[in-house]
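I have placed the structure first, in the form of structure tokens, so that the comments after it can refer back to it.
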Amino acid sequence: MLDITTERNNGIAILRLTGRVISSSARSFEERLLTLVAEGETRFALDFHHCEFIDSSGIRVLLILLKKLNAASGALAVFGVSGHIMQVFTIAGLARLFRIEESEAAAVAALG
């Protein structure tokens, strides 16, 4: 199960992920992100502090978001990434594709 809460900080959509981003939750995650993009959001910071696991379907959603944001001159940062998730990001090459920050403050500053 994945719980997503959305907040705003300095004009940036902050999405806090709690649980697991797996095939059964990826669809709703994707729909949530794409709805925000359709509503005009172009800067996102994703909080992984309480995300326990991400699989290839979750990686796919992040890549779709990144593609949409690049087309809209937007930006993506993630923060609170550690352990297994950081390992997945590194192996999948995602660590080179988007900003990985230590904290929400750093992510917001990076997206400025």
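Readers should treat all values here as calculations from the given coordinates under stated rules, not as data from a laboratory. As the structure is a prediction and not an experimental result, all values here were calculated from the model. Here the Cβ positions follow ideal geometry from the backbone for every residue, glycine too, while neighbour counts run over all protein chains shown.
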Sum of -39500 (n - 2.57) over DSSP H runs of 4+, divided by residues of the chain (222 nm, nearest 500):
-13500 deg cm²/dmol
Once you sort the root eigenvalues of the Cα gyration tensor of the stretch 69-112 as a ≥ b ≥ c, which label holds: rounded (a/c under 1.5), prolate (a/b larger than b/c) or oblate (the other case)?
oblate
Of (i) 15, 54, 31, 1; (ii) 8, 11, 10, 13, 17, 12, 8, 6, 5, 5, 4, 1, 0; (iii) 15, 51, 30, 4, which one was derived for P(r) over Cα pairs in 10 Å bins from 0, in percent from the structure shown?
(i)
Where both residues lie in the stretch 2-111, what percent of DSSP beta bridges are antiparallel, nearest 5?
35 percent
Given charges at beta-carbon only (K, R positive; D, E negative), |dipole| of the chain in Debye:
340 debye
Between Asp3 and Gln87, what is the label-point separation in nm under the 7 Å Cα-to-beta-carbon projection?
2.6 nm
Relative contact order (%) - criterion: Cα under 8 Å, at least six apart; region: the stretch 6-91:
34 percent
Neighbouring Cβ atoms within 10 Å as the yardstick, rank Thr35, Thr6, Thr42 fewest first.
Thr35, Thr6, Thr42
How far apart, in nanometres, would the label points at Ser24 and Arg60 be if each is projected 7 angstrom from Cα along the Cα-to-Cβ direction?
1.7 nm
